[in-house]
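The values are calculated or read from the model by the stated rules, or taken from the named source; none is laboratory data. Being a predicted model, the structure only gives us computed values, none of them experimental. Heads up, the Cβs are rebuilt from the backbone with ideal geometry, glycines too, and the neighbour counts pull from every protein chain shown. Keep in mind that these areas ignore ligands, DNA and RNA; they rest on the heavy atoms of the full protein, side chains included. Shrake-Rupley method; radii C 1.70, N 1.55, O 1.52, S 1.80 Å.
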Amino acid sequence: MSETSQTGSNAMWGGRFAEGPDAIMEAINASIGFDRRLARQDVEGSRAHAAMLAAQGIVTEADAEAIREGLLTVLSEIEAGTFEFSTALEDIHMNVEARLTELIGPAAGRLHTARSRNDQVALDFRMWVRDQCDAAIDALPRLLSALVGQAEAGADWVMPGFTHLQTAQPVTWGHHMLAYAEMFARDLSRFEDARRRMNECPLGTAALAGTSFPIDREMTSAALGFDRPAANSLDAVSDRDFALEFLGASTICAMHLSRLAEELVIWSSAQFRFVALSDRWTTGSSIMPQKKNPDAAELLRAKIGRIFGAQVALTTVMKGLPLTYSKDMQEDKEQVFDAADALMLALAAMTGMVGDMTAQRENLEAAAASGFSTATDLADWLVRELGLPFREAHHVTGALVKMAEDRGADLPDLTLADMRSVHDGITDDVFGVLGVHNSVASRTSYGGTAPDNVRAQVARWMERLA
């Protein structure tokens, strides 16, 4: 999308060129195959520009009204699927303008007064990305609600907490669900922050230096829902930070989605049986009738790579570009379109899976009690009740874990005599801390896994989401 405007139906660059483009050049130069997705934003921006031109006396009210009505007709044709896109016309801007000319005649040529395709595409793309931020901002609370619903139901259900995917300490199902709520809430704030930063209007900065026409950039900015006009024309036409920020927020959000998808794959396996995914989000096997595969979670986990790749691709496009516009920037859209599609699909799928899944309470509790998960509780008891330095308590607990492991037992299965053989100060009271329910109930520090903490956090989340 270069800075000049149409003067012919084939050669788009006016009298400077004696011949039209070679077929290969036309193919590499054209972007209409993908930038047609900017049609609505292009029409909205052009209608606002035409209204401003009329308000400033740069074009007549009659021409501006014809342009604005003609643009609505063009958009309706595009949305109805009857619009004929032309590769020879290069991009969405020239396709729209050419059709507008067919509909209203020479008045269409006045639309491009005081603007360039450089600020036009910067506007269209920025508005499209802003819409995708809005879509993410709308979708994330639904996922948060699904997670909070799971947390409320399982506020006191015990499960193993893991480090290195090895049993560490007991936690509650609700606490685990709210961990993901915290992650996705940060994602929500990142999209909100990115949207605020990108909400500056580049329209009116023209090719790169502004324009000599007496335009009103405040008017077009307000009409298109921006907070303000962009302050520097050089930056406005060459900035793609808004797309990079969207991809950055999408990448982190996608990583969180992939982590949860990985857990769902593991948890739904026969070896774990922590959750049962509904039939809506699983498939069977063509040969093994017992199989119920977590395909939605697996596909979500894989699609995330497209979002990661998009951020790398666009950063690579932009990294060596001098100010201002270069044709390289035509390669800024396809990966952003693809990433946005993948993100919205992943958010919808994860919201559905979390909302439908059933936590297997008995299996969670059985797993929580295995793997010496209350060893830390024992060490803490030795510190608190016997006054041992933590390092000594750690050593005593390790010896007791070894004893239980050698016997194929768990810590609560040891007798008091067994324990006193390692440290004679241990009393019967120690057994009060070795149960998994006692363990989670004791973790009352702020941010801890105690059921009362979880319920308080659920209440906070419900108020926030309301």
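Can you find, within the stretch 289-308, the residue that is modelled with the highest pLDDT among those that are of a type in the set (Lys, Arg) and more than 15 Å from residue 349 (Cβ to Cβ)?
Within the stretch 289-308, the match that is modelled with the highest pLDDT is 292.
Yes or no: residue 253 farther than 30 Å from residue 367 by Cα and surrounded by 17 or more Cβ atoms within 10 Å (Cβ to Cβ)?
Against the criterion (farther than 30 Å from residue 367 by Cα and surrounded by 17 or more Cβ atoms within 10 Å (Cβ to Cβ)), residue 253 does not qualify.
Yes or no, residue by residue, for (1) under 27 Å from residue 317 (Cβ atoms); (2) part of a loop (DSSP other than H, G, I, E, B); (3) touching a helix residue (DSSP H, G or I) at 6+ places or on another chain (Cβ under 7 Å); (4) at pLDDT 95 or above:
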site	(1), (2), (3), (4)
127	yes, no, yes, yes
147	no, no, yes, yes
169	no, no, yes, no
175	no, no, yes, yes
180	no, no, yes, yes
237	yes, no, yes, yes
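Read through the list (1) in a helix (DSSP H, G or I); (2) in contact with a Leu (Cβ under 8 Å, 6 or more places away or on another chain), then give the number of the only condition that residue 298 fails.
Result: residue 298 fails condition (2) only.
Residue by residue through the stretch 172-196, note down the ones that are open to solvent by less than 30 Å² (accessible area, probe 1.4 Å) and in contact with a Phe, Trp or Tyr (Cβ under 9 Å, 6 or more places away or on another chain).
If the condition is that a residue be open to solvent by less than 30 Å² (accessible area, probe 1.4 Å) and in contact with a Phe, Trp or Tyr (Cβ under 9 Å, 6 or more places away or on another chain), then 172, 173, 174, 178, 181, 185, 191, 194 are the ones that fit.
Can you confirm whether residue 123 is out of contact with any Phe, Trp or Tyr (no Cβ under 6 Å at 6 or more places or on another chain), in the same structural domain as residue 27 (by the TED database) and modelled with pLDDT of 95 or more?
No; evaluated as a whole, the condition is false for this residue.
If residue 432 satisfies all but one of (1) assigned to a helix (DSSP H, G or I); (2) free of Cβ contacts under 8 Å to residues at least 60 places away in the same chain; (3) small (Gly, Ala, Ser); (4) open to solvent by less than 30 Å² (accessible area, probe 1.4 Å), what's the number of the condition it fails?
(4)
If I ask for residues that are open to solvent by less than 30 Å² (accessible area, probe 1.4 Å) and either of a type outside the set (Gly, Ala, Ser) or in a helix (DSSP H, G or I) (or both), which ones from the stretch 301-334 would you list?
Result: 304, 307, 310, 314, 324, 329, 330, 332, 333.
The conditions are (1) open to solvent by 60 Å² or more (accessible area, probe 1.4 Å); (2) over 30 Å from residue 149 (Cα atoms), and residue 423 fails exactly one of them. Which is it?
The failed condition is (1).
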